[in-house]
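Below is one structure, written out as structure tokens; the observations come after it.
The values are calculated or read from the model by the stated rules, or taken from the named source; none is laboratory data. All values derive from a computational prediction rather than experimental measurement. For neighbour counting, all protein chains shown are included, and Cβ atoms are generated from backbone atoms with ideal geometry for every residue, glycine included. Quick note on the areas: whole protein, heavy atoms, side chains included, nothing else; ligands and nucleic acids left out. Shrake-Rupley method; radii C 1.70, N 1.55, O 1.52, S 1.80 Å.
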Amino acid sequence: NRTNFLANPRLEANRLAQICKDTELVFDINPKIISFDKYVIGKVYESTFEIRNTSTVAHQFRAVPPKKLFFSLSLGQYPQGQSLIAPGLSAQFNIRFSPDSLCSFEDQILVECSNGSKAVLPLVAKRESPCLTIFFWSELWEFCLKKINIFLFNL
């Protein structure tokens, strides 16, 4: 003869309250922004970031990769190979950037937590603006007299 016992509703309510605490962000992303500032065409650049569980309960998360083809997200390195992150532990990811031009790029990685909260990690690739120098002669008659003045303008 088998007896089915009901679960204590108070314990179930406490567990749900711990897991879904107003969908507050339970993961901390370090660094807060990933930037690439010195890049050339044809090379691949790589940066690392970590996602740390700051809550008191183990959680899972999903990292949505960037939409642009210039950025790619590697598979994560989880503690002990599990996707469930215990409190205080972190997972590490590598982001690769391979530009095909010298223009600026922007994208993001979306981190969705198991409690419903979301975090965004911005990806920025921006070079310094080039300095354009223009050489010209001040007046034509000075050129004829072999007095050449060169003016430099930074735009």
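The residues of segment 73-97 that are open to solvent by 50 Å² or more (accessible area, probe 1.4 Å) and either basic (Lys, Arg) or closer than 18 Å to residue 112 by Cα (or both), listed by number, are 75, 77, 78, 82, 83, 84, 87, 89, 92, 96. Just to be sure, is residue 114 among the hydroxyl-bearing types (Ser, Thr, Tyr) and either touching a residue at least 60 places away in the same chain (Cβ under 8 Å) or within 16 Å of residue 49 (Cβ to Cβ) (or both)? The answer is yes for residue 114. Among the conditions (1) at pLDDT below 90; (2) part of a strand (DSSP E or B), residue 138 misses just one, which is (2).
Taken over segment 58-75, residues that are in contact (Cβ under 8 Å) with a residue 24 or more places away in the chain and either β-branched (Val, Ile, Thr) or more than 19 Å from residue 122 (Cβ to Cβ) (or both) amount to 4. The residue of segment 56-72 that is farthest from residue 93 (Cα to Cα), among those that are among the β-branched types (Val, Ile, Thr) and surrounded by 12 or more Cβ atoms within 10 Å (Cβ to Cβ), is 57. When residues in segment 112-126 are screened for being open to solvent by less than 50 Å² (accessible area, probe 1.4 Å) and outside any loop (DSSP other than H, G, I, E, B), 8 of them pass. Of all residues in segment 61-97, exactly one satisfies the criterion of being assigned to a loop (DSSP other than H, G, I, E, B), among the polar types (S, T, N, Q) and modelled with pLDDT of 85 or more, namely 74.
Annotation note: Cβ proximity below 6 Å between a residue of segment 34-52 that is farther than 16 Å from residue 71 by Cβ and a residue that is of a type in the set (Val, Ile, Thr) (sequence gap 6+ or interchain) occurs for 51/29.
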